[in-house]
1. Check Met167, Met178 and return the single one that is at pLDDT 90 or above and part of a helix (DSSP H, G or I).
2. Only one of Ala123, Ala145, Ala155, Ala137 is surrounded by fewer than 17 Cβ atoms within 10 Å (Cβ to Cβ), at pLDDT 90 or above and aliphatic (A, V, I, L, M). Can you tell me which?
3. Restricting the first residue to the range 148-161 and requiring it to be in a loop (DSSP other than H, G, I, E, B), which pairs with a second residue that is among the hydroxyl-bearing types (Ser, Thr, Tyr) and modelled with pLDDT under 90 meet a Cβ separation below 8 Å and a spacing of at least six or different chains?
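The values are calculated or read from the model by the stated rules, or taken from the named source; none is laboratory data. Treat the numbers as computed from the prediction; the structure is a model and nothing was measured. Glycine gets a Cβ as well: all are built from the backbone with ideal geometry, and neighbour counts include every protein chain shown.
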Amino acid sequence: MEPAGSQAPWLALHDATAAFLILRLLPPRTWWQLRALSAEWRLLLDDAGNCMERSCREMVGEFRPACCLVKLLVEAAGPLKTANEEVDFAGCVYRAVHHGSVGPLQQLLRPLAAESFARRAFALGVIREALVQAAVAGDAATCHAVLQQHGPRSAAARRLQSGDAAMALKAAADWHLMRALAAPENSCVKLVQT
């Protein structure tokens with residue numbers, strides 16, 4: 001029989017703490033893939049504002065305060081030191097824009113304002129592209145989120161200029177024009193006329 005003090009004591013580990021300790025070792029793209037698994041993962045990862053969304057509350061049944069892992073994971077991910085880390089991080093930003101996930105997008109954009117998190121050229125390029133993609137998608141809430149944090153009137157040291165917003169609007173107009181010209185209706189009309 002072993003002495004009473006020879007066994008290590010068992011510690012209860014909070015789910016959010018355990019998830020953080022594991023997820024911080026994985027690339028950022030993994031965090032986004034986990035969000036797609038279930039409402040519980042979204043609640044665990046997203047910021048507190050998203051935890052209050054009605055659809056998530058209905059799926060889980062209640063508000064749970066164990067949120068905001070994305071914020072902590074983003075802080076732990078930096079500084080971005082390699083090209084692969086930059087590509088992974090940019091991919092997360094673009095996924096958030098693509099899915100119109102404003103809360104996670106804000107958490108992902110926030111550290112790009114810091115000189116110590118990423119190269120200036122990379123940070124501004126990601127912010128510009130996020131705005132262009134949001135404009136092309138016609139998602140006003142996502143455009144607002146990008147401009148609120150990094151727009152010409154924001155307090156961020158790394159912010160977009162008015163020309164960047166104009167470029168995003170032009171890209172959106174060009175995209176919609178191109179889609180209208182390539183629409184299937186035009187093809188059908190040509191087939192009927194011949």
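1. Answer to the check: Met167.
2. Criteria check complete, one pass: Ala137.
3. Pro152/Ser162
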